[in-house]
Every structure is written in structure tokens, then in C-alpha cells.
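Worksheet for the structure shown next.
The values are calculated or read from the model by the stated rules, or taken from the named source; none is laboratory data. Please read these numbers as outputs of a predicted model, since none were measured by experiment. Here the Cβ is made from the backbone with ideal geometry for all residues, glycine too, and neighbour counts use every protein chain on show. To get the accessible areas, we keep the full protein, side chains included, count just its heavy atoms, and leave off ligands, DNA and RNA. Shrake-Rupley method; radii C 1.70, N 1.55, O 1.52, S 1.80 Å.
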Amino acid sequence: MSAKIKILVVDDELILRESLAGWMQRAGHLVETAQGGRQALAMLSGSEYDLVFLDIRMPDLNGLEALKTIKTAYPHILVVMITAYASVETAIEAMRSGADDFLMKPFQAEQLELMIEKLLNQKKLVEENLSLRSQLNGGSRYHDLIGSSACMRRLFSFIDQVAQVDSPILLQGETGSGKELVAKAIHARSNRRYGPFVAINCGAFTDTLLESELFGHEAGSFTGANRTRIGRLEMAKGGTLFLDEVGEITLKMQVDLLRVLQEKIFHRVGGNRDINADFRLISATHQDLFQKVSREQFRKDFYFRLKVIEIEVPPLRERKEDLPDLADHFLQKFRRETNKPARGIKEDAMLLLQSYDWPGNVRELENTIERAVVLSKSAYLKKEDFAFLFRVPEEKEGAVTMREVEKNHIEHILKLCRWNISKAASVLEMNRVTLHHKIKKFELKPEE
Ligand SMILES: Nc1ncnc2c1ncn2[C@@H]1O[C@H](COP(=O)(O)OP(=O)(O)OP(=O)(O)O)[C@@H](O)[C@H]1O
Ligand SMILES: [Mg+2]
């Protein structure tokens, strides 16, 4: 037996309890003992066990009753009933209540060893089958997207329908709902799947930078443009261009992009050679673009061009059936990454997760599971491991905003660098222009 397992021996007879426990300890297992059913249940609720040896006849709580309770609350724990004589009736009843095996008194050490080994192998097989099933289950997985709820199945079959044509697609959905994964799945399903998938977050650039990111530029087209640069529109040749946060694009850039979509050609900044726009456009936003259009913050013509095909990625709270699969998937992921013992999520904890609203959607779930895996000490994540989700934030006065954190940090570094802007900028890993902007924005001044 290589893996260390934890066993609970429950018997009211001291001698039997101690001899069983002693033998198992010598075989390298972790063993604890309880004198009766009630004590056993109390111990089970506070710790993780793999295997329980349970006497059928105990004064305080009938072994069969205890068995039923254990199998309901902790279905993953293996239970072996200990019985003094071969009674067919009790055997049948115990098996019906979910016992995994029987141990008849008196017994031999070798018999015990074989039994433990057999049970653990069985358990391993079952667990492997379960995880294989969740990996292979075609219904719950579509490329990297997990989901078997009706709305996700509809989404997958809609992607199948539209992936092969080249019309622009607009993905709308809340933050963290999986828009980028959907975009990648569309690309993977399209005829362009052997071409590149090029993504750009439009919210991360100023207008001029975005222009040169998208269109590229010719050498010498502006100060600092030392050599010719290929833009993302060009990089996406033969593949898919993913415009993330498309709601952030300024009205001027919208005009430029609309022209590209209509004429199918573009120029690098500072150049006049026609370049073919050979990409399928997928854009995404968490904003209400229709409303932006009605407020004249977004061009109507551009909006209609983007949303030739519209896809709504549903928020997690509308497909809570998918939550267990998603949670298990992230659990496996972080278990591999962290080497933590987390093996599963207890049923009541899963119910608690399903009762939460998930404003940050799948990304929030992912972060939540990561945190629980890292902090939990037990093999099965419990309700308590997720209590933080429901904690009401402290009073507003006590809370610090991101803006304040940034301001204080910049101020601190500036002081340390005696307001030497170049030095502070390099410590902060931002360029000097950005630092000047921040100084202005936060109204920072050197002390007298
Ligand atoms: N259905 C899903 N199955 C598996 N993982 C998912 C699913 N949906 C989202 N994720 C994961 O959740 C995280 C957020 O997804 P993604 O980045 O696609 O969201 P988004 O809608 O683009 O969010 P944002 O609007 O904030 O950019 C990623 O780590 C992604 O892998
Ligand atoms: Mg995204």
C-alpha cells in the first residue's frame, strides 16, 4: 500500500478496537478510534477519513443506523461492517444500506490487508471513471467550454450553425461569463481554424496607440515609429480577429474600422498600399451597446455592422446546473497546480455555491475555488471554506478603493525617489508620460 489513508475504527470493545488500530498503524495507515456510533459521527464531521470500520452491535447507536447516516452525509467514505457471527439477515441489510464490505470476527491480519487493498483499488477505479466521464462527456464540454444546461447546449448548436460563414459576430455577456472562450470555440469550429486567432483588448489602449496596434504603421510615420510594424488586422490574415471590449472604441476609430469592414481593405498608418482585410471579425462587450447607440456614444452603422450575428453568453446565475461541473473542473485544475489535497467538494458546500448569485460569473467561481483549494486543510472542501462569499463588506469608511491604493503607492515611490520622475517611473514599471498623467490625475505634489 503506497498511499497513506486515514481510517476510523468504531467498536465498543476496547481490545478489538486497539488490536485493529494497532495492526493498521503498523501497516502504515493513519488510524483513530471511537467507542460508539455517536462519537464516530462527531469525529467524521470534523475530519476527513477514507475508510470506517464499524461494529454492528454497539450500545449507544445501532451500527446499521450509523452506516446509513455516514453513507448519506459522506458518500465517498468506504464503510466495512464488523460482525461477530455470520448472520445472513444483517449482512443483507447492511449491504442494502450501502456497506462496502464485511469483516467477520475473529479475523486474520492478512485478511484485513487484502480487504483494504481491494477496497482502495475499487475506490480509485470509481474516481477515475468519474473524472474520465466528465472529461469525455460530449454533452458537457464544447471545446474549452463546460456546460450541459439547456442554454449552453443551445449556444453550442448555434455556434455550429454560424461558425463556418464569415459574417461578423457580436458577443454580449456579463464580465467573466466566458466570451473569450466562446470566441475561441467559434474560431476552432470555423474554416479558418488553421489560421491565427488574434485578440486585442480595445479598452487597454489610447486612441493613437490602438490605431497603430490595429493597423500597424510604416517606418517614420510618426516620431518613435522607427521601423515598420505589422498591426493586428494584418496578423489575423486567414484567421479570426477578436475585438474585446469593443464598447471602448472611440467614435473616430469606429469610422476607420467600419470602412475596413465595408471595403475589405486597409492601410498601415503612414502608408498607402492596399492590404486585404482577410479575417473573420468577432467582437465582444459587457456593455449595453444599444443603449450607447441611443445616447450617441456609439455609431449606429458600426453597431449594425458588428452584430450581423448576435450571441448572448448567459450569466452563470441563469445556468446553475453547470456549476458542479465547472467547480469540479477548477478544483482539478488548482489541485494539479498547487499540489494541495483537495479531492472534492462536499454536497452541502456545492449547494451553498449554487445559492450564490455570481456577479463575476465563471471567473469569480474560478477565483473562489482557487482560494478555497489554497486555504483549505481538508481533502473535501466544506461549507466553511466558502463562507467568505457571503460576508457583508465592512463599512464604507473602512474600505479602500483601488484608486486610493494606486495613488498611495505612486506617492510613496515618488517620495522614495525624491521626485526623480525617470527613476520613479522605472521602479513603477510605467513610462514617464503615464506617470505624469497619474501625478496630474491624483494631484500629487512634492512636499515642501
Ligand atoms: N463555460 C466555461 N467553461 C470553462 N471555463 C470557463 C467557462 N466560461 C468561462 N470560463 C473561464 O472563466 C474565465 C473568464 O472567461 P472569459 O475570459 O472568457 O470571460 P469574458 O466574458 O471574456 O470576461 P470579460 O468580459 O471580463 O473579459 C476564464 O478563465 C475562462 O477560462
Ligand atoms: Mg474577456
Next on the checklist: Please compute the length gained on full extension between His409 and Trp23, using 0.36 nm multiplied by the number of residues separating them and subtracting their Cα-Cα distance.
Outcome noted: 133.0 nm
Checklist entry - Is the shape of the stretch 317-390 best called rounded, prolate or oblate, per the rule: a/c under 1.5 gives rounded, else a/b larger than b/c gives prolate, else oblate, with a ≥ b ≥ c the square roots of the Cα gyration tensor eigenvalues? => result prolate
Item to check | Listed residue pairs exceeding 30 Å between alpha carbons, taken from Lys252/Lys445; Lys179/Lys237; Lys123/Lys382; Lys179/Lys377 | outcome: Lys252/Lys445; Lys179/Lys377
Checklist entry - Where does each of His76, His436 land when they are ordered by accessible area, with a 1.4 Å probe and the largest first? => result His436, His76
Checklist entry - Full extension from Phe388 to Lys423: what is 0.36 nm times the residue separation minus their Cα-Cα distance, to one decimal in nm? => result 8.6 nm
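If a/c stays under 1.5 just call it rounded; otherwise compare a/b with b/c (prolate if a/b is bigger, oblate if not). Do that for the stretch 1-67, with a ≥ b ≥ c from the square roots of the Cα gyration tensor eigenvalues.
Cα axes put the stretch 1-67 in the oblate bin.
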Checklist entry - Is the stretch 175-230 rounded, prolate or oblate when judged by the Cα gyration tensor, a ≥ b ≥ c being the square roots of its eigenvalues, rounded requiring a/c under 1.5 and prolate requiring a/b larger than b/c? => result oblate
Next on the checklist: Tell me the mean residue ellipticity at 222 nm calculated for the chain from its helices only (DSSP H runs of n ≥ 4, each -39500 (n - 2.57), averaged over every residue, nearest 500).
Outcome noted: -14000 deg cm²/dmol
Checklist entry - Where only protein heavy atoms count, and the probe is 1.4 Å, what is the accessible area per residue for the stretch 166-313 in Å²? => result 48
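Just the accessible area per residue of the stretch 20-123, please: how many Å² with a 1.4 Å probe?
Per-residue value: 48 Å².
Going highest first, how would you order 426-434, 249-257 by mean Cβ packing within 10 Å?
Numbers: 426-434: 12.1, 249-257: 17.1.
Put in order of decreasing packing, that is 249-257, 426-434.
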Checklist entry - What order do you get for 44-51, 116-123 when each peptide is scored by the mean count of other beta carbon atoms within 10 Å, highest first? => result 44-51, 116-123
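Could you work out Rg/(2.2 N^0.38 Å) for the stretch 1-125, with Rg from alpha carbons only?
Cα-based Rg divided by the globular estimate yields 0.95.
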Checklist entry - Expressed as a whole percentage, what fraction of the accessible surface of the chain belongs to carbon and sulfur atoms when a 1.4 Å probe is rolled over the protein heavy atoms? => result 51
Checklist entry - For Lys68, which lysines qualify as cross-link partners when the Cα separation must be under 18 Å and same-chain residues fewer than eight apart are set aside? => result Lys346
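Please state, as a whole number in µm²/s, the translational diffusion coefficient that the Stokes-Einstein equation yields for the chain at 25 °C and 0.890 mPa s, with Rh defined as the Kirkwood radius across alpha carbon pairs.
The diffusion coefficient I find is 90 µm²/s.
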Checklist entry - So, in nm, how far is label Ile92 from label Ala150 when the simple model puts each one 7 Å beyond its Cα toward the Cβ? => result 4.4
Checklist outcome for this item: The simple spin-label model distance between Gln262 and Lys105, using points 7 Å out along Cα→Cβ, in nm, is 9.1
Checklist entry - Over the stretch 166-313, what is the mean sequence separation of C-alpha contacts under 8 Å (at least six apart), divided by residue count, expressed as relative contact order in percent? => result 37
Next on the checklist: Suppose we keep just the DSSP beta bridges with both residues in the chain; what percent of those would be antiparallel, to 5?
Outcome noted: 15
Checklist outcome for this item: With the 8 Å Cα cutoff and a minimum separation of six or more residues, the stretch 317-390 has a relative contact order in percent of 41
Item to check | Asp274-Lys300 pseudo-label distance in nm [points 7 Å out on the Cα-to-Cβ vector] | outcome: 3.1
Next on the checklist: At a threshold of 8 angstrom on Cα-Cα distance, excluding pairs fewer than six apart, so keeping six or more, what relative contact order does the stretch 173-257 reach in percent?
Outcome noted: 37
Checklist entry - Membrane-span-like helices in the chain: DSSP H runs reaching 24 Å or more (Cα, own axis), mean Kyte hydropathy at least 0.5? => result none
Checklist entry - Mind ordering 230-238, 172-180, 262-270 by average Cβ neighbours within 10 Å, highest first? => result 172-180, 230-238, 262-270
Next on the checklist: Let me cross-check Met402: its accessible surface, 1.4 Å probe, with only protein heavy atoms counted, in Å² to the nearest 10?
Outcome noted: 150
